[in-house]
Amino acid sequence: AKSTERSYGALLAPILEDSRVFTVISSDFCHWGQRFRYTPQPPQDDEEINEVYEYIERLDRKGMQQIELQRPGAFADYLKTYKNTICGRHPISVWLNALQNQSTQSSVRFVEYAQSNKARTADDFSVSYASAVCRVRRTFSGDKFTA
(Lines give C-alpha, C1' and ligand atoms only; values in the text may rest on other atoms or scores of the structure.)
Protein backbone atom coordinates (compact mmCIF):
# COMPACT_ATOMS: atom_id res chain seq x y z
CA ALA A 1 0.00 0.00 0.00
CA LYS A 2 2.93 2.37 0.65
CA SER A 3 4.05 2.19 -3.00
CA THR A 4 0.49 2.89 -4.17
CA GLU A 5 0.24 5.86 -1.79
CA ARG A 6 3.57 7.16 -3.14
CA SER A 7 2.40 6.76 -6.74
CA TYR A 8 -0.90 8.55 -6.19
CA GLY A 9 0.88 11.27 -4.21
CA ALA A 10 3.25 11.88 -7.13
CA LEU A 11 0.29 12.07 -9.53
CA LEU A 12 -1.61 14.52 -7.33
CA ALA A 13 1.33 16.78 -6.43
CA PRO A 14 1.13 19.09 -9.48
CA ILE A 15 -2.65 19.42 -9.08
CA LEU A 16 -2.45 20.26 -5.39
CA GLU A 17 0.36 22.73 -6.09
CA ASP A 18 -1.93 24.80 -8.33
CA SER A 19 -2.92 27.95 -6.40
CA ARG A 20 -6.47 27.71 -7.81
CA VAL A 21 -7.01 24.32 -6.12
CA PHE A 22 -8.38 24.07 -2.60
CA THR A 23 -8.11 20.62 -1.05
CA VAL A 24 -9.88 19.08 1.93
CA ILE A 25 -8.65 15.85 3.46
CA SER A 26 -11.10 14.69 6.11
CA SER A 27 -10.75 11.87 8.60
CA ASP A 28 -11.87 10.69 11.98
CA PHE A 29 -9.05 9.71 14.27
CA CYS A 30 -9.13 7.04 16.98
CA HIS A 31 -12.18 4.76 17.22
CA TRP A 32 -11.83 3.38 20.73
CA GLY A 33 -14.03 0.73 22.35
CA GLN A 34 -15.06 -2.89 22.15
CA ARG A 35 -17.39 -2.17 19.22
CA PHE A 36 -14.32 -1.02 17.24
CA ARG A 37 -12.08 -3.84 18.54
CA TYR A 38 -9.53 -1.25 19.65
CA THR A 39 -9.09 -0.76 23.40
CA PRO A 40 -5.47 0.06 24.24
CA GLN A 41 -5.03 1.07 27.86
CA PRO A 42 -2.69 3.62 29.39
CA PRO A 43 0.46 2.16 30.92
CA GLN A 44 0.05 1.49 34.65
CA ASP A 45 3.25 3.37 35.48
CA ASP A 46 2.24 6.56 33.62
CA GLU A 47 1.45 9.15 36.29
CA GLU A 48 0.35 11.79 33.74
CA ILE A 49 -2.53 9.70 32.37
CA ASN A 50 -5.42 8.94 34.73
CA GLU A 51 -8.24 8.21 32.29
CA VAL A 52 -8.63 6.25 29.06
CA TYR A 53 -9.76 9.36 27.15
CA GLU A 54 -6.49 11.09 28.10
CA TYR A 55 -4.55 8.15 26.67
CA ILE A 56 -6.62 8.25 23.47
CA GLU A 57 -5.78 11.94 23.08
CA ARG A 58 -2.09 11.21 23.59
CA LEU A 59 -2.21 8.52 20.88
CA ASP A 60 -4.03 10.85 18.50
CA ARG A 61 -1.68 13.75 19.14
CA LYS A 62 1.32 11.52 18.40
CA GLY A 63 -0.25 10.79 15.01
CA MET A 64 -1.01 14.46 14.46
CA GLN A 65 2.63 15.31 15.17
CA GLN A 66 3.74 12.82 12.53
CA ILE A 67 1.37 14.39 9.99
CA GLU A 68 2.69 17.87 10.82
CA LEU A 69 6.21 16.61 10.03
CA GLN A 70 4.96 15.93 6.47
CA ARG A 71 6.92 12.69 6.32
CA PRO A 72 4.79 9.80 5.05
CA GLY A 73 7.21 7.24 6.47
CA ALA A 74 6.95 8.69 9.98
CA PHE A 75 3.14 8.52 9.81
CA ALA A 76 3.30 4.93 8.50
CA ASP A 77 5.64 3.97 11.36
CA TYR A 78 3.24 5.54 13.85
CA LEU A 79 0.30 3.55 12.44
CA LYS A 80 2.33 0.33 12.54
CA THR A 81 3.40 0.93 16.14
CA TYR A 82 0.09 2.05 17.65
CA LYS A 83 -2.44 0.45 15.25
CA ASN A 84 -4.61 3.56 15.70
CA THR A 85 -7.92 3.20 13.90
CA ILE A 86 -7.68 6.35 11.77
CA CYS A 87 -10.21 5.85 8.96
CA GLY A 88 -8.52 8.22 6.53
CA ARG A 89 -5.01 6.85 6.97
CA HIS A 90 -4.66 6.10 3.25
CA PRO A 91 -5.91 9.49 1.95
CA ILE A 92 -3.73 11.21 4.57
CA SER A 93 -0.72 9.17 3.40
CA VAL A 94 -1.41 9.96 -0.27
CA TRP A 95 -1.68 13.66 0.61
CA LEU A 96 1.59 13.54 2.61
CA ASN A 97 3.29 11.94 -0.39
CA ALA A 98 1.87 14.66 -2.65
CA LEU A 99 3.29 17.34 -0.33
CA GLN A 100 6.71 15.67 -0.56
CA ASN A 101 6.56 15.78 -4.36
CA GLN A 102 5.75 19.47 -4.63
CA SER A 103 8.29 22.15 -5.48
CA THR A 104 6.76 24.48 -2.87
CA GLN A 105 7.02 24.02 0.88
CA SER A 106 3.97 23.91 3.11
CA SER A 107 3.29 24.14 6.81
CA VAL A 108 0.75 21.82 8.43
CA ARG A 109 -0.76 22.60 11.84
CA PHE A 110 -3.62 20.95 13.68
CA VAL A 111 -6.06 23.55 14.92
CA GLU A 112 -8.86 21.56 16.58
CA TYR A 113 -9.31 18.26 18.39
CA ALA A 114 -12.37 16.67 19.99
CA GLN A 115 -13.71 13.33 21.18
CA SER A 116 -17.31 12.14 20.91
CA ASN A 117 -17.17 10.71 24.43
CA LYS A 118 -14.78 10.77 27.38
CA ALA A 119 -14.05 7.04 27.66
CA ARG A 120 -13.29 5.89 31.19
CA THR A 121 -14.23 2.20 31.29
CA ALA A 122 -14.09 -0.80 28.94
CA ASP A 123 -17.84 -0.36 28.33
CA ASP A 124 -17.37 3.14 26.88
CA PHE A 125 -16.61 4.11 23.30
CA SER A 126 -15.16 7.18 21.65
CA VAL A 127 -14.43 8.58 18.20
CA SER A 128 -11.87 11.36 17.87
CA TYR A 129 -11.90 14.21 15.38
CA ALA A 130 -9.01 16.46 14.36
CA SER A 131 -8.73 19.41 11.96
CA ALA A 132 -5.55 20.67 10.36
CA VAL A 133 -4.65 23.57 8.09
CA CYS A 134 -2.01 23.35 5.41
CA ARG A 135 -0.55 26.57 4.06
CA VAL A 136 1.87 27.06 1.20
CA ARG A 137 4.89 28.99 2.40
CA ARG A 138 5.28 32.09 0.30
CA THR A 139 8.54 33.90 -0.29
CA PHE A 140 9.16 37.48 -1.31
CA SER A 141 11.11 37.72 -4.54
CA GLY A 142 11.91 41.14 -5.95
CA ASP A 143 8.64 43.02 -5.89
CA LYS A 144 6.13 40.19 -5.45
CA PHE A 145 5.26 37.16 -3.35
CA THR A 146 5.67 33.73 -4.91
CA ALA A 147 4.61 30.30 -3.80
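The values are calculated or read from the model by the stated rules, or taken from the named source; none is laboratory data. Only a predicted model underlies this, so the values are computations on that prediction, with no experimental measurement involved. Backbone-built Cβ (ideal geometry, glycine too); neighbour counts: all protein chains shown. Only protein heavy atoms, including side chains, enter the accessible area calculation; ligands, DNA and RNA are left aside. Shrake-Rupley method; radii C 1.70, N 1.55, O 1.52, S 1.80 Å.
Of note:
- Kyte-Doolittle mean at least -1.0 and Cα axial length at least 20 Å: DSSP H helices in the chain: 2-17, 52-69
- Straight-distance crosslink candidates among aspartates and glutamates, where the alpha carbon sits under 15 Å from LYS80 and sequence neighbours closer than 8 are dropped: ASP60
- For THR104, nonlocal amide neighbours, meaning residues 5 or more places apart or on other chains whose placed amide H falls under 5 Å from its own, do not occur.
- Probe 1.4 Å, all protein chains present, accessible-area order of TYR78, TYR55, largest first: TYR55, TYR78
- Computed FRET value (nearest 0.05) for ARG20 with TYR129, which takes r as the C-beta separation and R₀ as 22 Å: 0.20
- Model label zone, VAL108; criterion: amide N under 15 Å from point 7 Å along Cα-to-beta-carbon; scope the range 23-47: 23-29
- Ellipticity estimate at 222 nm from DSSP helix runs (n ≥ 4, -39,500 (n - 2.57)) divided over the chain, nearest 500: -12500 deg cm²/dmol
- Cross-link reach list, aspartates and glutamates versus LYS62, counting only Cα pairs under 15 Å and skipping chain neighbours closer than eight places: ASP28, GLU54, ASP77, GLU112
- Sequence of TYR53, TYR82 when ordered by accessible area, the most exposed leading, probe 1.4 angstrom: TYR82, TYR53
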